[in-house]
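**Q** For reference, the structure I am asking about is given below.
The values are calculated or read from the model by the stated rules, or taken from the named source; none is laboratory data. The shown structure was predicted, so the numbers you read here are calculated from the model rather than taken from an experiment. Using ideal geometry, Cβ is built from the backbone for each residue, glycine included, and neighbour counts are taken over all protein chains shown.
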Amino acid sequence: MSIKDDFKGAFYSGIGVFINGKEKIEEAAREFAKDNQLAAEDGEKFVKDAVNKATEAKNDLEKFVEDKVDKVVEKMNFVKKTEYEELKKKYDELEAKVKSIQK
């Protein structure tokens with residue numbers, strides 16, 4: 001597991017807590033609608049809007065953190081997994097060619 005994966009894992013753990021909180025957001029919004037005697041239709045719209053805004057905020061936060069993690073990883077000069085896999089593939093191909101020439 002790479003350091004980038006560690007950063008992402010920690011972040012996604014936080015997102016998991018947030019997602020589990022979705023029910024709490026819905027519950028709080030419904031309670032707010034009830035306490036303020038909103039009509040059923042208005043109350044449900046309020047609940048949907050609250051959940052949508054929370055989801056949007058989560059997505060924005062996820063993108064922000066992912067961008068920051070990418071920048072940190074880049075500054076640390078770590079090799080990305082895709083770059084490593086490309087180099088490994090080229091190495092394996094060259095190794096196979098060398099072995100075939102040596103025969």
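**Q** Return the total of residues in the stretch 1-51 being among the hydrophobic types (A, V, I, L, M, F, W, C) and at pLDDT 70 or above.
**A** 11
Yes or no, residue by residue, for (1) exposed (fewer than 14 other Cβ atoms within 10 Å of the Cβ); (2) part of a helix (DSSP H, G or I); (3) β-branched (Val, Ile, Thr); (4) over 27 Å from the mean Cα position of the chain (by Cα):
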| residue | (1), (2), (3), (4) |
| --- | --- |
| Glu31 | yes, yes, no, yes |
| Glu41 | yes, yes, no, yes |
| Phe46 | no, yes, no, no |
| Lys71 | yes, yes, no, no |
| Thr82 | yes, yes, yes, no |
